[in-house]
Every structure is written in C-alpha cells, then in structure tokens.
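Report on one structure; see the data block that follows.
What follows is calculated from the coordinates using simple rules that are stated; it is not laboratory data. Values in this document were obtained by computation on a predicted structure and should not be read as measured data.
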Amino acid sequence: MRILLLGLALVKVFAEFDPFDYGGDSYKSGEIKLYGFMGERVNLNGKWYPANATFESQEGNFRIVGIRNPCVFLQEVHTQKQSKVCLQESKLLRK
C-alpha cells in the first residue's frame with residue numbers, strides 16, 4: 001500500500017513538470033529565441049524549422065541561413081540584414 005501511495009505521489013510531482021513549456025507567451029514579445037537543435041532542424045520560439053526555412057515573427061520575415069551549434073544565423077528577407085540567435089539555457093539544468 002505504501003508503494004502505491006509513493007508511486008501516486010511521484011506521478012503527481014512529475015506530471016506538473018512540462019519540459020515542452022517554452023516560458024508561456026515569451027514568444028509574443030517579438031524576440032526570437034532558440035530552444036534546441038535536432039539534426040538540421042532548429043526550435044525557434046517553440047516551433048521546429050528545417051534549414052533554409054522562412055518564418056514570420058513580429059520583427060519581420062526571416063530565413064534560416066546557417067545552423068552551427070549553439071547558434072542559428074538568420075537573414076531578414078526584405079533588408080538582407082543578418083543576425084545570430086544563440087541557444088537558451090536548458091530548463092532541465094539546475095543552477
């Protein structure tokens with residue numbers, strides 16, 4: 001019986017932790033944030049994009065021109081201005 005109660009308590013604790021929570025509506029501020037890499041794909045503001053993909057943000061339309069861990073290189077479509085966005089600190093690592 002104690003094992004069952006302990007198991008239920010652990011399930012409750014871990015059920016409240018969401019590793020896919022990207023900080024609520026932080027992406028709505030217009031700031032582009034990089035959350036992860038997976039092969040030739042990157043997670044920007046909580047969405048996965050392949051290399052050379054174009055996406056919209058509040059700052060404009062961007063194309064992914066380069067992926068080099070821990071940063072992604074972006075180019076604004078209309079002005080051709082280039083920028084670099086680097087990986088955010090992992091939620092899973094403790095300070």
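Summary of computed values
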read-out	value
Amide hydrogen neighbours beyond the local backbone of Ser57, cut-off 5 Å, H modeled	Phe62
Whole-Hz couplings from phi, Karplus 6.51/-1.76/1.60, listed for segment 39-49; x for Gly and Pro	x, 9, 10, 10, 9, 10, 6, x, 10, 8, 10
Under Karplus coefficients 6.51, -1.76 and 1.60, residue-wise ³J(HN,Hα) of segment 62-70 in Hz, glycine/proline x	10, 10, 7, 9, x, 10, 9, 3, x
